[in-house]
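The values are calculated or read from the model by the stated rules, or taken from the named source; none is laboratory data. Predicted model, so just to flag it, every value in this text is computed and none were measured. Please note that ligands, DNA and RNA were not included when accessible areas were found on the heavy atoms of the full protein model with its side chains. Shrake-Rupley method; radii C 1.70, N 1.55, O 1.52, S 1.80 Å.
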Amino acid sequence: MERLPVSATPYRNIWSLQRAVDRLFDEVFRATGAEAQELPALDMYETDDAVVVKAAVPGFKPEQIEISVTGNMLTIKGESSEEKEEERRNYIHRERSTASFERVLMLPHDVAGEPTAEFENGVLTLTLPKPEEVKPKTVQIKAK
């Protein structure tokens, strides 16, 4: 039986389709106005050992963000709230307000091991370890 290269597998096409659908929904929710949640911009990339997600969450503190991973689904939630005293003020101009978001992302595979999260200058960086079976393997060539 002939083996197909990884780039020709049907799963690669499904992953590309899922990313396109995610982008479409993100754009729709961002364009619907004040009622919509403001979703953080994010990047996701792979290293040999992990999938790394970087999310821009300005205005949030680490304790206002909740992260969960179930199988290959990553959920990032955030909720900031202002002090009660600020709500009673008579504002002349107001652009800052309470904010919340929830992003659910499909990862290319399940997470193995313990994920880590770092927060610096409004950027949340998640490192999600890959299972051994999806890590690249090096094959040594023996000359005869």
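For Glu38, what accessible area in Å² do you get when you roll a 1.4 Å probe over the heavy atoms of the protein chains, rounding to the nearest 10?
120
Just to make sure I understand: if all protein chains stay in place, what is the order of Ile65, Ile14 by accessible area at 1.4 Å, largest first? Walk me through the numbers before you get to the answer.
Working: Ile65 25, Ile14 95 Å².
Per-residue accessible area, sorted high to low, gives Ile14, Ile65.
Eigenvalues of the Cα gyration tensor times 5, then square-rooted: what semi-axes does that give for the range 48-144, in whole angstrom, largest first? The partial results should precede the final answer.
Values: eigenvalues 350, 31, 18 Å².
Semi-axes, largest first: 42, 12, 9 Å.
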